[in-house]
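Structure first, commentary second.
The values are calculated or read from the model by the stated rules, or taken from the named source; none is laboratory data. This one's a predicted model, so the numbers in the text were calculated from it and none came from an experiment. Reconstructed Cβ throughout: ideal geometry from the backbone, glycine too, with neighbour counts over all protein chains shown.
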Amino acid sequence: MVNPFFLESKAVNALFLFWKMVYAGFAAKINGRDGAEMLEDFIDKKKDCIGIVGRSFALSSLSMLLHESNREAAGVELKAGVLIDESGKALLDGYDFPLYADICSMLTAHPSINMVFELSGEPAMVRELRISLPLDVTLVELPAARFFLKLHATDRLWIACKANLMQTQALFKSVVDQFPEDIIIVGTDGTILDCNKHFAERAGEPVLSMQAKNPLDYYDSLKFICPLKDGLIDVPAVALENSERMFSETDDQGKMHFYRLYVYPITEEGGDNVIQLVIICRNITERTMIEQRLQQSERMATVGELSAYIAHEIRNPLMAMGGFAKVLINDESIDPSGREKIQIILEEAQRLDRLLKSILSFVRSRDVQKKNIDINRVAADAMQLLSLGCQLQEIEVEMDLDPSCPLGVGGAEQIRQCLINLVKNSMEAMPDGGTLKISSGVNGNMVWLEVRDNGPGIANDQRAHVFDPFYSTKVNGNGLGLPMVKKIMEEFGGDVELASRLGKGTSVALLLRKAPVA
């Protein structure tokens, strides 16, 4: 009786195996058996056990392929074979799978065989097998075997290509994830298709959860460089040229950070239609700070030269005006009303003289003497002078000085003056009282002394100018307090860090290099 031809494809095999696993797992939940054990039992029962028949000199590579590939995971296993040499004699050894003299012996020794591959293509042998094989054993003739070989070779090629593609994809993703920039891919619908690990970590969400979200929720500045539609980026309407924009934001500590946003349109192959966007956000805070320092140094140099010249030219006539005012105010021939006006002239002349002294002190280059100082002692001395003023203004002072803080490189008198300026600024920011905290510590090779208040804070547009000379938001301020503090700290090789949040307060930290250990 002729056996029906049956050959499972790779896809059917894989799908069938998947449902085996699903069924086994489900059954394991029902009766408490281990799912892996049930799956093994199930596969053993349904495994395609193969025997091969043919001539040894014409043995197809299919038999070796079946044997070497060890396809047990797919439910296929080569059990045994019947091979004949050129003289028609049966081979009983020479291969690393069992060989038998005839079909009956092979099937008797391996009753699990349910499929026989005939690899010679000889009609007589095919007829004999059709007659002799039991009904439960499927005969696969040479054309079908060749198809199986091609299918398996294609499968092997597909697996190799897939492995190569996955390796390339993993390498590309690994490289992209190492970038310190945020990288986002936006689809045609204006939502996020994918992103790198850096962006997901900064957003505080897993990478998969970022998909299908609106990129405008993370970068509001995109609305200034991309067209919008229904609250999303209108990707097809994006211009073909690259766009960029700089923006800033304040972190939880009140420190300003600067970013540059780049938008790169991706067009379809061979066309001009924009189908995706690649958005890159780069943190340029350090570079921006360096640029600002260079610009400020240039401004300071110009302002210094101009200020020194003006102060010198104004001071001589100002001293003459003040001297004459002192003489006139003692002249008894002048009535009280005239003396009152002369007194105003004298006071304003003295105020201008103090301003000129501040300007000259600011622009005059000094050869500072660097010493090892105890910043905790400097802070305690400064607050001893200012404690009464804080009490009268109902400002609560908190001292949080690190007793293990090492010495810093600077000048005690100059650092004390800087600290006094900062405390006075905080007192002026809290006219109705508040909390003032003085703290110290060490960070790497720097020691720091911080003044923190809970005043109204500084707006972002003002913060960029607080260290500019003569910039002040106070009615009677000369705008030289913070610039002078910064100048002194830089002369000692240190720096000043400012952080502020509106409605939360402001903190200014004096940073000094840590003194070398003797």
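Is it the case that residue 286 is within 18 Å of the chain's Cα centre (by Cα), within 21 Å of residue 461 (Cβ to Cβ), of a type in the set (D, E, K, R) and modelled with pLDDT under 85?
no
Checking the structure you have, find out if any residue of segment 325-340 is buried (at least 17 other Cβ atoms within 10 Å of the Cβ), farther than 26 Å from residue 218 by Cα and modelled with pLDDT of 75 or more.
yes
Count, please, the residues in segment 421-467 that happen to be crowded, with 20+ Cβ neighbours inside 10 Å and either free of Cβ contacts under 8 Å to residues at least 12 places away in the same chain or in the same structural domain as residue 254 (by TED's automatic domain parsing) (or both).
0
Results for (1) surrounded by 11 or more Cβ atoms within 10 Å (Cβ to Cβ); (2) under 25 Å from residue 48 (Cβ atoms); (3) in the same structural domain as residue 266 (by TED's automatic domain parsing), shown as yes or no for each residue.
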{"position": "93", "(1), (2), (3)": "no, no, no"}
{"position": "104", "(1), (2), (3)": "yes, yes, no"}
{"position": "109", "(1), (2), (3)": "yes, yes, no"}
{"position": "140", "(1), (2), (3)": "yes, yes, no"}
{"position": "160", "(1), (2), (3)": "no, yes, no"}
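Look through 112, 120 and report the one residue that is hydroxyl-bearing (Ser, Thr, Tyr) and closer than 18 Å to residue 77 by Cβ.
112
Per-residue answers, yes or no, for (1) touching a residue at least 60 places away in the same chain (Cβ under 8 Å); (2) among the β-branched types (Val, Ile, Thr); (3) in a loop (DSSP other than H, G, I, E, B); (4) under 30 Å from residue 219 (Cα atoms):
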| position | (1), (2), (3), (4) |
| --- | --- |
| 120 | yes, no, yes, no |
| 139 | yes, no, no, no |
| 145 | yes, no, no, no |
| 162 | no, no, no, no |
| 165 | no, no, no, no |
| 189 | no, no, yes, yes |
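Which one of the conditions (1) exposed (fewer than 12 other Cβ atoms within 10 Å of the Cβ); (2) modelled with pLDDT of 85 or more; (3) assigned to a helix (DSSP H, G or I) does residue 222 fail to meet, given that it meets all the rest?
So the condition that residue 222 fails would be (1).
Give the residue, chosen from 142, 193, that is among the aliphatic types (A, V, I, L, M) and at pLDDT below 85.
Exactly one residue qualifies, and that residue is 142.
Taking the criterion of being hydroxyl-bearing (Ser, Thr, Tyr), outside the structural domain of residue 418 (by TED's automatic domain parsing) and either at pLDDT 75 or above or at positive phi (or both), would at least one residue in segment 358-365 satisfy it?
no
Part of a strand (DSSP E or B), surrounded by 16 or more Cβ atoms within 10 Å (Cβ to Cβ) and of a type outside the set (Lys, Arg) - does that describe any residue in segment 195-213?
yes
Out of all the residues in segment 406-420, which are of a type in the set (A, V, I, L, M, F, W, C) and either surrounded by 19 or more Cβ atoms within 10 Å (Cβ to Cβ) or under 16 Å from residue 493 (Cβ atoms) (or both)?
Within segment 406-420, 407, 409, 412, 415, 418, 419 meet the criteria.
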